[in-house]
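Trainee: First the structure, which I've put down as structure tokens, then a few questions once you've had a look.
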Amino acid sequence: MKNLSPAELAVVANVDRDRVADDLAALVAIPSLTGVEGAVQTEVALRMTTAGLDVERVDTPAMDLAADPDFPGVEVPREVHPVVSGRLTGDAAGRRVLIAGHIDVVSGGDELAWTSPPFQPRIDDGVLFGRGACDMKAGVVAGLAALRAIAEAEVELGGEAMLVTVPGEEDGGAGMLAAIRAGCTGDWAVITEPTRLEIVTAQGGAITFTLTVTGRPAHAAFRRRGVSALEKLVPVMEALARNEEERNAAERMQSMRDLGLPYPTSIGRVSAGDWSSTVPERLVAEGRYGVRVGQTTTEAEEELRSVVAEACAGDEWLREHPVEVQITGGRFAAAAVPSDHPLPWSLGEAARDVRGRLPPFVGVPYGSDARLLIDHGATPTILYGPGDPEYAHSVDERVPLEDVAQCARVLAVWVMRALAR
């Protein structure tokens, strides 16, 4: 570890992997599915308190947040959005930095496919397995360990460090909007989503859509008398594929171009027909449409509608029976911080001094709560966290505990430098 001051070395030494493992196992054991995050937030608040942070919990009524003009939408009904924040405060006139993360997780799915039950955390050869271990309770624990290490070393900060945990990221990000409305904003923020300990400065976004295709029913023995709604989905899919190719080829931001397909279009669910011997008269398809960096979700919706309308205009049946397009669920805008911004460089230099190398600055093809902090919280935000995102939402989701500890050490040094007196 080069270029670390004695105070920084002391804080780095305070990050204990065994305590990291205990914190993470405790959070993974609570099945905090999206919409039922209250219990895990109670546990997070307790652990923040014992770490020496000043803790506040705000439960925003769902009805109040839904009336907000910037409400990003939800897919899971709920009564409240519980937000927990923990602070280390020094000079009140100084900078404020945030470490943020979501504590909701997706379902464990088919538990029989797991090596061990998804909500019974298991440690094997330094790797912790369980639903939410990677996405993203490991990142929350890394932030907790970082601030605890600073508190235990009694470092005097020239500003305020805040750890913020939010619900509802998986279904649109309303929890982060609730946090912003509760005052959880700052000068800089790091969201500790799993990034392989690389620094994410740019992200694509996404909107979810539903297509309804109308056909004409007929007995299958006389199928030419009918019009199959399934067959009429084909020209729309072909148009979406051409649009996907064009919009990705037009991307100029190198970190996004490096992904190969930064803005995918995908149809993930299709239902049609009600009888095997009847030509289907109705089809419903649900999918995801990428939002480009620099494009709003409204502009992405307009582009999607235009592509579908053009496909319908080119088909004799669809001209008279156009496909209905609905935007459903959460809206994830794209987000970016310039690669020469001081935020990623300050974090990168801390990572270099702790881990011996400067992490790459990369882009990712999915959205996160970063766009809310950037767009509605006026807080430049990047992603940096432990774990491989390919394990997110997967069977036997996992994270190496040493990655969590390393992330905590980097974050601790970054906070100390960002808030140096």
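The values are calculated or read from the model by the stated rules, or taken from the named source; none is laboratory data. These numbers were taken from a predicted model, which means no experiment stands behind them. No Cβ is skipped: glycine too gets one built from the backbone with ideal geometry, and neighbour counts run over all protein chains shown.
Trainee: Give L304, L373, L358 a once-over and let me know the one that is farther than 24 Å from K137 by Cα, surrounded by 16 or more Cβ atoms within 10 Å (Cβ to Cβ), within 24 Å of the chain's Cα centre (by Cα) and at pLDDT 95 or above.
Mentor: L304
Trainee: Residues D396, D388: which one is of a type outside the set (G, A, S), surrounded by fewer than 19 Cβ atoms within 10 Å (Cβ to Cβ) and either touching a Leu at 6+ places or on another chain (Cβ under 6 Å) or farther than 23 Å from P360 by Cβ (or both)?
Mentor: After applying the criteria, what remains is D396.
Trainee: Go through region 148-230 and tell me which strands (runs of 3 or more DSSP E), entirely inside it, have 1 or more residues that are over 26 Å from P338 (Cβ atoms).
Mentor: Those strands (runs of 3 or more DSSP E) span 159-166, 205-214.
Trainee: Just a yes or no: is a residue in region 338-345 of a type in the set (F, W, Y) and either closer than 20 Å to R252 by Cβ or surrounded by fewer than 16 Cβ atoms within 10 Å (Cβ to Cβ) (or both)?
Mentor: yes
Trainee: May I pose another question? Can you confirm whether region 395-404 contains a residue that is within 24 Å of the chain's Cα centre (by Cα), modelled with pLDDT of 95 or more and closer than 24 Å to M256 by Cβ?
Mentor: no
Trainee: Counting just the residues of region 111-149 that are crowded, with 24+ Cβ neighbours inside 10 Å and of a type in the set (V, I, T), which one comes out farthest from G183 (Cα to Cα)?
Mentor: V141
Trainee: Return the residues of region 283-298 that are on the phi < 0 side of the Ramachandran plot and assigned to a loop (DSSP other than H, G, I, E, B); say none if nothing qualifies.
Mentor: Selection gives R292, V293, Q295, T296.
Trainee: Within region 201-235, track down each residue that is of a type in the set (A, V, I, L, M, F, W, C) and over 29 Å from the mean Cα position of the chain (by Cα).
Mentor: V213, A218, A220, A221, F222, V227, A229, L230, L233, V234
Trainee: Continuing with this model, one more query. Within region 169-183, is there a residue that is without any contact (Cβ under 8 Å) to a residue 12 or more places away in the chain and either out of contact with any helix residue (DSSP H, G or I) (no Cβ under 7 Å at 6 or more places or on another chain) or assigned by TED's automatic domain parsing to the domain that holds P359 (or both)?
Mentor: The answer is yes, given that some residue of region 169-183 is without any contact (Cβ under 8 Å) to a residue 12 or more places away in the chain and either out of contact with any helix residue (DSSP H, G or I) (no Cβ under 7 Å at 6 or more places or on another chain) or assigned by TED's automatic domain parsing to the domain that holds P359 (or both).
Trainee: Confirm whether A100 is under 20 Å from the mean Cα position of the chain (by Cα), outside any loop (DSSP other than H, G, I, E, B) and either of a type in the set (F, W, Y) or assigned by TED's automatic domain parsing to the domain that holds I374 (or both).
Mentor: yes
Trainee: Among what's in region 259-282 and is part of a strand (DSSP E or B) and not polar (S, T, N, Q), pick the residue that is nearest to G215 (Cα to Cα).
Mentor: R282
Quick grid of which residues meet (1) in the same structural domain as S339 (by TED's automatic domain parsing); (2) touching a residue at least 60 places away in the same chain (Cβ under 8 Å); (3) out of contact with any His (no Cβ under 9 Å at 6 or more places or on another chain); (4) more than 23 Å from G205 (Cβ to Cβ):
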{"position": "D274", "(1), (2), (3), (4)": "no, no, yes, yes"}
{"position": "S277", "(1), (2), (3), (4)": "no, no, no, yes"}
{"position": "L283", "(1), (2), (3), (4)": "no, yes, yes, yes"}
{"position": "E286", "(1), (2), (3), (4)": "no, yes, yes, no"}
{"position": "V291", "(1), (2), (3), (4)": "no, yes, yes, no"}
{"position": "T296", "(1), (2), (3), (4)": "no, no, yes, no"}
{"position": "R305", "(1), (2), (3), (4)": "no, no, yes, no"}
{"position": "E320", "(1), (2), (3), (4)": "no, no, yes, yes"}
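Trainee: Name the single residue that is farthest from the chain's Cα centre (by Cα) among those in region 322-335 being surrounded by fewer than 16 Cβ atoms within 10 Å (Cβ to Cβ) and under 16 Å from A206 (Cβ atoms).
Mentor: Only one residue tops the list, namely Q326.
Trainee: Could you tell me whether E244 is closer than 30 Å to M136 by Cα and either part of a strand (DSSP E or B) or assigned by TED's automatic domain parsing to the domain that holds Y384 (or both)?
Mentor: no
Trainee: Count, please, the residues in region 115-141 that happen to be over 21 Å from the mean Cα position of the chain (by Cα) and closer than 12 Å to P400 by Cα.
Mentor: So the count comes out to 6.
Trainee: Would you tally the residues in region 274-292 being surrounded by 20 or more Cβ atoms within 10 Å (Cβ to Cβ) and more than 24 Å from A241 (Cα to Cα)?
Mentor: 1
Trainee: If we keep just the residues of region 165-215 that are β-branched (V, I, T) and either modelled with pLDDT under 95 or surrounded by fewer than 22 Cβ atoms within 10 Å (Cβ to Cβ) (or both), which is farthest from H376 (Cα to Cα)?
Mentor: Selected residue: T214.
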